[in-house]
Amino acid sequence: MTRPKQVLTTGEVAKICNVAPRTVSKWFDSGQLRGYRIPGSKDRRIPLEQLVRFMKSHDIPMNGLSRGRKRVLVVLGQRELRDTVRQSLTQRGEYDVEATESAFEAGLVAGSFLPDVILVDVSLPQIEPERLRRELRAHEGLQDTELIGLVREDEDGRGHALLQQGFSAFLKSPFHARDLIRLLEAPEPASVVPHSIEH
């Protein structure tokens with residue numbers, strides 16, 4: 001398991017404490033949870049040591065800090081592929097997985113599940129990559145969520161366009177669950193090292 005992050009977003013704190021991001025914001029704004037704002041923005045950051053102190057003083061279970069499970073939202077229209085990916089990730093024991101078949105369902109799930117990564121078939125109806133990226137950044141609990149786009153095998157250009165639009169990586173269909181796992185377990189954040197995987 002990797003070393004815990006030393007500075008956390010309100011969304012990350014919300015996941016650890018199992019509360020809504022707005023609750024963390026209230027803790028921060030009232031001075032109960034100490035941290036700082038990013039200069040020139042409203043984004044809040046909480047040092048890990050301050051979070052630990054806060055959790056201990058408010059009797060919040062500490063198991064969330066050591067859980068280390070990555071939350072993955074799978075948005076795929078093909079039921080068989082969707083189920084296969086969900087099963088493969090769940091069996092590894094390192095991921096919490098939710099799966100939906102449409103943009104509408106994904107929007108409902110993402111707000112409460114607060115995924116770390118979203119794998120989305122960009123050919124699905126109502127999926128607009130640039131709009132999706134903007135909406136994630138506008139949601140306090142999803143600002144650090146990584147996006148991986150699924151494109152058709154002959155859409156190499158579209159895949160690279162996704163990287164330009166802020167996606168962390170893209171996969172070409174058809175793909176194997178192990179390809180996604182390889183991306184999720186890359187030693188560097190996907191946003192730093194963009195990937196494309198094809199077979």
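The values are calculated or read from the model by the stated rules, or taken from the named source; none is laboratory data. Every value quoted in this text rests on a predicted model; they were computed, and no experiment measured them. So basically every Cβ, Gly included, is an ideal-geometry build from the backbone, and we count neighbours across all protein chains shown. These accessible areas exclude ligands, DNA and RNA; they are computed on the full protein's heavy atoms, side chains included. Shrake-Rupley method; radii C 1.70, N 1.55, O 1.52, S 1.80 Å.
Across the range 128-173, what is the number of residues that are in a loop (DSSP other than H, G, I, E, B) and touching a Leu at 6+ places or on another chain (Cβ under 8 Å)?
Of the residues in the range 128-173, 7 are in a loop (DSSP other than H, G, I, E, B) and touching a Leu at 6+ places or on another chain (Cβ under 8 Å).
Which condition number in (1) part of a helix (DSSP H, G or I); (2) at pLDDT 90 or above; (3) in contact with a Lys or Arg (Cβ under 8 Å, 6 or more places away or on another chain) is the one that Arg82 fails?
For Arg82, the exception is condition (3).
Collect the residues in the range 55-106 that are over 17 Å from the mean Cα position of the chain (by Cα) and acidic (Asp, Glu), keeping them in residue-number order.
Asp59, Glu80, Asp83, Glu101
May I ask you to list pairs of residues, at least six apart or on different chains, whose Cβ atoms are under 6 Å apart, with the first in the range 155-177 being open to solvent by less than 20 Å² (accessible area, probe 1.4 Å) and the second being among the β-branched types (Val, Ile, Thr) and modelled with pLDDT under 90?
Listed by first residue and then by second, the contacts come to Leu171/Ile197.
Would you confirm whether or not the range 66-77 contains a residue that is farther than 17 Å from Val120 by Cβ, open to solvent by less than 70 Å² (accessible area, probe 1.4 Å) and either in contact (Cβ under 8 Å) with a residue 40 or more places away in the chain or touching a helix residue (DSSP H, G or I) at 6+ places or on another chain (Cβ under 8 Å) (or both)?
yes
Identify all residues within the range 91-127 that are under 19 Å from Ala177 (Cα atoms), in a loop (DSSP other than H, G, I, E, B) and open to solvent by less than 50 Å² (accessible area, probe 1.4 Å); write none if there are none.
If the condition is that a residue be under 19 Å from Ala177 (Cα atoms), in a loop (DSSP other than H, G, I, E, B) and open to solvent by less than 50 Å² (accessible area, probe 1.4 Å), then Gly93, Pro115, Asp116, Val122 are the ones that fit.
Which numbered condition trips up Ala186, out of (1) in contact with a strand residue (DSSP E or B) (Cβ under 6 Å, 6 or more places away or on another chain); (2) modelled with pLDDT under 90; (3) of a type outside the set (Val, Ile, Thr)?
Every condition holds for Ala186 apart from (1).
For Trp27, work out the one condition from (1) in contact with a strand residue (DSSP E or B) (Cβ under 8 Å, 6 or more places away or on another chain); (2) open to solvent by less than 50 Å² (accessible area, probe 1.4 Å) it doesn't fulfil.
Result: Trp27 fails condition (1) only.
I need a count of the residues in the range 12-24 that are surrounded by 20 or more Cβ atoms within 10 Å (Cβ to Cβ), touching a residue at least 24 places away in the same chain (Cβ under 8 Å) and closer than 15 Å to Leu142 by Cα.
6
Out of everything in the range 128-154 that is in contact (Cβ under 8 Å) with a residue 12 or more places away in the chain, closer than 24 Å to Asp83 by Cα and charged (D, E, K, R), what residue ends up being surrounded by the most Cβ atoms within 10 Å (Cβ to Cβ)?
Per the criteria, the residue is Glu146.
Among residues belonging to the range 32-59 that are farther than 30 Å from Leu147 by Cβ and part of a loop (DSSP other than H, G, I, E, B), point out the one that is most open to solvent (accessible area, probe 1.4 Å).
Result: Arg34.
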